[in-house]
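Accompanying notes for the structure given below.
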Amino acid sequence: MNLTIASGKGGTGKTTVAVNLAVAATREGRRVQLLDCDVEEPNCHLFLEPETERRRDALVPVPEVEEAACNGCGECAAICRYNALAVVGSSVMVFPELCHGCAGCWLVCPEQAITRGERSIGDLVEADVAGLRLAYGRLNVGEALVPPLIAQVSALRGDADLTIVDAPPGTSCSAIAALSGSDYVVLVTEPTPFGLNDLVLAADVVRQLELPCGVVINRAGAGDDRVHDWCRREGLEILLEIPDDRRVAEAYARGDLVLDAVPGAADLYRDLMRTLMARAVEGAA
Amino acid sequence: MKIAVTAQGPTLESDVDPRFGRTQCFIVIDTDKGTHRVVDNAQNLQAAQGAGIQAAQTMVDQSVEAVLTGNCGPKAFKVLGAARIAVHVGVKGTVAEAVAEFTAGSLPTAAAPNVEGHWS
């Protein structure tokens, strides 16, 4: 089962739910893979503390120009939709940070002066920790190519009973990149006006992607009932309510698993996992 | 000498556009002949990114020797520099006033971009 933990609003508890759910499922003997696709600020590993990590460069294609072969015709710059090239005289200036690797320039160059090179936009990291396979992407600071790195983390999907993707917040390209390939989406929200506003937006995206989804209300009891009312009206299942409890925040701040730190939490996550597995079976049927 | 001024409208009475990459248009002036014409920049106004680079490319293609504008970022500055086009930033008033200042020699050449890039 491919599960994506998403939310419109940041800071609602996606990572907390993703990590604790992954560990709860692992402890029940399931083969679990956790993919942290929040590549601008990956943090699942902070709670799992892997001892050894396998790191490699996340590479994207970029043009390499052989100056001697270039006659300055300008076709490369003309085809580039990302404005990553400029031609001055018979020399091509490349702005790699604007390149989306579409291949247009090296395909169109009549002199074959441009070839496909590569550059690193960040790291791809894999680790095994406590029976759980963790993978995450870490985008270099100042880099804007979020979706390609998410796609590379997503491609590390292997053989598992349960693959959990921790998505970036919001409803933009990066969140959508993290949702692709999922069978079921868990939208984490909080019972506040901000939580509701962004839940409405996120649920709309998930609906347009035609993915089944349910809602986890974190910090339940902290706000009001509008999220509950909206879910009921929209027919969205509330999968779990995590009570507003200072001990959860304290465990998070220490980098501990909520499962181990807060009495009763292990039961909540085990129930959530079973509900999700049941939805997966229903979805496949 | 051929120079270009970023302009908010298509006439010499239009105000100088403070933006280089996303200027409304360029007015390219031949200071020897006293003629001018308007060069469109609509495509760069719509660009998601790299407007400065492509506006600089337009300047290169127009074979101008100097650009008069409000602000110029690092990428555009790099392209203009490679083409040895002089950049004058902080230019205000109408296009005609800017050209008069330029021909009077009272506009200093920028040695570096005067604003940050918008991208990285």
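When you check B:V91 against the structure, is it more than 14 Å from chain A (Cβ to nearest Cβ), open to solvent by 30 Å² or more (accessible area, probe 1.4 Å), under 14 Å from the mean Cα position of the chain (by Cα) and among the hydrophobic types (A, V, I, L, M, F, W, C), yes or no?
On the way: more than 14 Å from chain A (Cβ to nearest Cβ): yes; open to solvent by 30 Å² or more (accessible area, probe 1.4 Å): no; under 14 Å from the mean Cα position of the chain (by Cα): yes; among the hydrophobic types (A, V, I, L, M, F, W, C): yes.
So B:V91 fails the test.
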Over region A:111-141, the set of residues in a loop (DSSP other than H, G, I, E, B) and open to solvent by 40 Å² or more (accessible area, probe 1.4 Å) is A:E111, A:Q112, A:A130, A:G131, A:N140, A:V141
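Working only within region A:84-105, note down all residues that are in a loop (DSSP other than H, G, I, E, B), open to solvent by 40 Å² or more (accessible area, probe 1.4 Å) and either in the same structural domain as A:V146 (by TED's automatic domain parsing) or of a type outside the set (A, V, I, L, M, F, W, C) (or both). Break it down stepwise before answering.
Here is the first cut: in region A:84-105, the ones in a loop (DSSP other than H, G, I, E, B) are A:84, A:89-90, A:95, A:99-103.
Those left that are additionally open to solvent by 40 Å² or more (accessible area, probe 1.4 Å): A:89-90, A:100, A:102.
Hits for region A:84-105 are A:G89, A:S90, A:H100.
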In region A:35-72, anything farther than 22 Å from A:A144 by Cα and either open to solvent by less than 70 Å² (accessible area, probe 1.4 Å) or under 21 Å from the mean Cα position of the chain (by Cα) (or both) is listed as A:H45, A:L46, A:F47, A:L48, A:E49, A:P50, A:E53, A:R54, A:V65, A:A69, A:C70, A:G72
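Can you go through A:T171, A:T189 and tell me which one is open to solvent by less than 10 Å² (accessible area, probe 1.4 Å) and of a type outside the set (G, A, S)? Steps first, answer last, please.
Numbers: A:T171 fails: open to solvent by less than 10 Å² (accessible area, probe 1.4 Å).
The unique qualifying residue is A:T189.
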Within region B:30-47, the residues that are assigned to a loop (DSSP other than H, G, I, E, B) and surrounded by 10 or more Cβ atoms within 10 Å (Cβ to Cβ) are B:T31, B:N41, B:A47
Region A:181-285: helices (runs of 4 or more DSSP H) wholly inside it with 3 or more residues that are among the β-branched types (V, I, T) are A:193-208
Apart from one, (1) more than 30 Å from A:C105 (Cβ to Cβ); (2) crowded, with 23+ Cβ neighbours inside 10 Å all hold for A:R31; the odd one out is (2)
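Kindly provide the set of residues from region A:116-146 that are more than 14 Å from chain B (Cβ to nearest Cβ) and in contact with a Cys (Cβ under 9 Å, 6 or more places away or on another chain), ordered by number. Give the derivation first.
Just the residues of region A:116-146 that are more than 14 Å from chain B (Cβ to nearest Cβ), to begin with: A:116-118, A:120, A:123-138.
Correct list: A:L134, A:Y136, A:G137.
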Only one of (1) open to solvent by 20 Å² or more (accessible area, probe 1.4 Å); (2) more than 25 Å from A:V262 (Cα to Cα); (3) out of contact with any Pro (no Cβ under 9 Å at 6 or more places or on another chain) does not apply to A:E75, and that is (3)
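Just need a number here: residues in region A:208-261 that are of a type in the set (D, E) and on the phi > 0 side of the Ramachandran plot. Lay out the reasoning, then the answer.
As a first pass, look at region A:208-261 and keep what is of a type in the set (D, E): A:210, A:224-225, A:229, A:234, A:237, A:241, A:244-245, A:250, A:256, A:260.
Now restrict to residues that are on the phi > 0 side of the Ramachandran plot: A:210.
So the answer is 1.
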Would you be able to say whether some residue in region B:1-12 is in contact (Cβ under 8 Å) with a residue 24 or more places away in the chain, assigned to a loop (DSSP other than H, G, I, E, B) and closer than 24 Å to B:G117 by Cα?
no
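Could you say which residue among A:D225, A:D229 is farther than 22 Å from A:Y269 by Cβ and at pLDDT below 95? Show your work before the answer.
Numbers: A:D229 fails: at pLDDT below 95.
Only one candidate qualifies: A:D225.
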Those residues of region B:61-82 which are open to solvent by 30 Å² or more (accessible area, probe 1.4 Å) and either in contact (Cβ under 8 Å) with a residue 12 or more places away in the chain or of a type outside the set (A, V, I, L, M, F, W, C) (or both) amount to B:D61, B:Q62, B:S63, B:E65, B:N71, B:P74, B:K75, B:F77, B:K78, B:G81
Note: among A:G264, A:G235, A:G283, just one is open to solvent by 40 Å² or more (accessible area, probe 1.4 Å), within 17 Å of A:T16 (Cβ to Cβ) and not aliphatic (A, V, I, L, M), namely A:G264
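The values are calculated or read from the model by the stated rules, or taken from the named source; none is laboratory data. Everything quoted here is computed from the prediction, not taken from an experiment. Methodologically, a virtual Cβ is constructed for each residue, glycine included, from the backbone with ideal geometry; neighbour enumeration extends over all protein chains shown. When the accessible area is computed, the model is the full protein with side chains, heavy atoms only, and any ligands, DNA or RNA have been set aside. Shrake-Rupley method; radii C 1.70, N 1.55, O 1.52, S 1.80 Å.
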